[in-house]
Every structure is written in structure tokens, then in C-alpha cells.
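Input: a single structure, listed below in C-alpha cells.
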Amino acid sequence: MGSILVAILLLAILIIVHELGHFWAARMTGIQVVEFGVGFGPKILGWKSKKHGTNFVIRAIPLGGYNAFFGDEMGAEKSEEGGETKEPDPTDPRLFSNQNIWKRMFVVLMGPVMNFLLAFLLATGYYWVNGIPTVIGVDPYISSVNAAGPAYEAGLQAGDIITEINGVNMLDGTSQTLLDTLGNYREGEPPLKVRVKRGDAEIETELTPAWNEEEERMMVGVYISGTYRTETEKVNLLQAAGASGEMCWQAAGMILRALKNLVTTGEGIEDTSGPVGIISVVSSQVRTGGFQAFLEMLISISINLGLMNLLPIPGLDGSRLVFGVIELIRGKPVPPEKENLVHMAGMVLLFGLMIVLTFRDVMRIFR
């Protein structure tokens, strides 16, 4: 339960930081924010700023957030008589749609920017305090063993680290030495004398690779993974910032490539998760990796959230930026009712997708 609460905290941090980006940008440009909300559903806590008149609200379902500007459906004025909603005057200069286009685009853009900034600052702080890890080698280990294969018959198990084969060290910093040694075995040669580390114990066994017709090479029936060996180098703040920028750039590239493959080939669609799946993964990682895993997940998901919001999907920030560009090209805005219809349709589809993913995530948990 503790790790699940930590995972929910992680999502809440990302949501709050994103919405604070919109909020601070609006304040900087003089745009009125009627309500700043975290979560959806029934209100469980709220207070009003006496200085700026903004209502700050925390709602029951912590899976999103919003800034309601003057004239928004959520921010519409309430009349004194019976609390009925009054439609604002469409010419009212306080309306968000009547603000300068550059101000509006700045407000929209600052949500994703804050997610990128959060990731960059967290990574910079981590590298500055702990140093930059450098991979100095890979310790190959057996991640799984095929039933009835040569490795299974030799008694090898998942998690075993192969340290020697015929007296030759396999821990030379790569997994290629191990793969080459197994692949270069020829039929009729004596069995390979294999030494493995299993926990704290050292075990010796004999292994005879077999020819695989499909792969056209000698195989033993295992999957090899690698545990990276690293050393940490202490750096100054400037060096930490440089390493952070490089790491964030590489992470963004990986995410964009994954999105491209998802759209073009469907690759990774089975691994796509909703909020429940994300909470499950984060809680699992935090249980085993502690604070470092929490920080790494926070950085990774923050970059992911920033990029996803920049996609031109109706209802997301990227779509609002597209409408802003169209307005700049046309010299006049798209009629608000048409733009709102597009965003509303997008939000309905996004919520529908979230429901489907959530259902699938729950089924995976109980499977």
C-alpha cells in the first residue's frame, strides 16, 4: 500500500507541475485564472486566494488537473440569485479567447515546458549530488531457461551468472565473449565445463550446445541478459547540467521512436498502460529500487508527459497550439464554438481510451 501511495504521489507531482506551468504563465501575462484544480470529481478541499481571487481545489480522483480561465465552462461566473451560471459577454476582454494570441500560446506551451524543466532539474541535482555513473562492463546472466534444452539438462537456472567456460573468464565487460564461446562450439567436441555463480554459491557443470536448424547456429536454450557494472564520477554543477541535458534528450528520442513505432507498426501496443498500469509499474519499481527508482521514474514520465501533451491530439496542449498557429496564419481566430467542439470530441476519445486501458490494466493485475 505504501508503494502505491508513493506512485500516486509521483503522478500528483507531475500533474501539479504541469498545471503550475499554465498557471504561472497566465499570472505573468495578466490572464485571470478563476480556478486551479488538481484531480477530477467531487471537491474534497478548497480555498480562495484573497489577492488574486483564484479558487484552489483538490478533487477526489487524482488523475489530472486543470486551470479554468475566465469564461471557461468551469470558470463561468455564478450569479447571486440561486447560483445559476451566467454566460459571459463574448466581447469581455477578460475572456481567455480575447487575450493576445502570443499570450495564449505562451500559457498553453508552459505546461509541457514545466515537465521538461522538472526532469532536467531533477536529473541535474541527482548527478551533482551523486555523480555521473559510467558503464565499465556487463555481467551476463541467464534470464530464462528453455525446458528440455541443453542448459536445462545441465541444471542451469534463471539468475545464474556464467563466470567461466573451459577456464576462460566470461566476465570481461561484455556479453559477447559468452555468446561467441557458446556459438563457436562444434559437434563432437568435449562438453563445455561451465562455472556459474548462483547467489553466494559457485557451481560447476558440463554443457553441450546443440545445433538449431532455424537459427543455423549452436544454441543451449537460454536467454542472456546483462547487469551493468558502473563507476561514479563526481562532477561540478555545470557538468551535471550537461549530463542531464544529454540524458533528457536521449530519453525524449527513445519516447518519440516508440510513439512512431506504435503508430506505424503497432509495436508496443500491448505494453501501453493507463493510470492503473502506471501506478502498478511505479509501485513495483519503488519497492525494489527505493528513492532512486522513484526519481528515475519521475524524470522519465515527466518527459513523456511533456511530449505527449505537445502532440496535436484534440483536447491536449498540442492541439491548442495548432489552433493558435492557424489563427496566426488566418489573421483571425477559429470560431470558439468550433474549436471547443474539436477539443470536447478529443477529450471524450481520450477518456474512452483511458477507460479501456484502465480495464485492461485491472485485468492484468488479477490475471
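Evaluate the following for Thr232: is it within 26 Å of Val135 (Cα to Cα), modelled with pLDDT under 80 and among the hydroxyl-bearing types (Ser, Thr, Tyr)?
It is false that Thr232 is within 26 Å of Val135 (Cα to Cα), modelled with pLDDT under 80 and among the hydroxyl-bearing types (Ser, Thr, Tyr).
Hey, can you tell me all the residues within segment 241-289 that are crowded, with 18+ Cβ neighbours inside 10 Å, part of a loop (DSSP other than H, G, I, E, B) and at pLDDT 75 or above?
none
Output yes when any residue across segment 153-174 is of a type in the set (Gly, Ala, Ser) and under 30 Å from Ile132 (Cβ atoms), and no when none is.
So far as segment 153-174 goes, yes, one or more of its residues are of a type in the set (Gly, Ala, Ser) and under 30 Å from Ile132 (Cβ atoms).
Just a yes or no: is a residue in segment 94-113 crowded, with 18+ Cβ neighbours inside 10 Å, charged (D, E, K, R) and in contact (Cβ under 8 Å) with a residue 12 or more places away in the chain?
yes
For residues that are of a type in the set (Gly, Ala, Ser) and in a loop (DSSP other than H, G, I, E, B), scanning just segment 169-210, find the one that is surrounded by the most Cβ atoms within 10 Å (Cβ to Cβ).
Ser175
Condition check: at pLDDT below 90 and in contact with an Asp or Glu (Cβ under 8 Å, 6 or more places away or on another chain). Does Tyr141 satisfy that?
yes
Looking for whichever is surrounded by 19 or more Cβ atoms within 10 Å (Cβ to Cβ) and over 21 Å from Val235 (Cα atoms) here; the options are Leu118, Leu156. Which one fits?
Leu156
For segment 39-54, how many residues are outside any loop (DSSP other than H, G, I, E, B) and surrounded by fewer than 18 Cβ atoms within 10 Å (Cβ to Cβ)?
9
Taking segment 14-35 only, how many residues are touching a helix residue (DSSP H, G or I) at 6+ places or on another chain (Cβ under 8 Å), under 30 Å from Val286 (Cβ atoms) and crowded, with 16+ Cβ neighbours inside 10 Å?
Counting residues in segment 14-35 that are touching a helix residue (DSSP H, G or I) at 6+ places or on another chain (Cβ under 8 Å), under 30 Å from Val286 (Cβ atoms) and crowded, with 16+ Cβ neighbours inside 10 Å gives 7.
Go through (1) at pLDDT 70 or above; (2) in a helix (DSSP H, G or I) for Pro314 and report which single condition fails.
So Pro314 meets the others, but not (2).
The values are calculated or read from the model by the stated rules, or taken from the named source; none is laboratory data. Owing to the predicted nature of the structure, the values given are computational and were not obtained by experimental measurement. Every residue, glycine among them, receives a Cβ derived from its backbone with ideal geometry; neighbour counts consider all protein chains shown.
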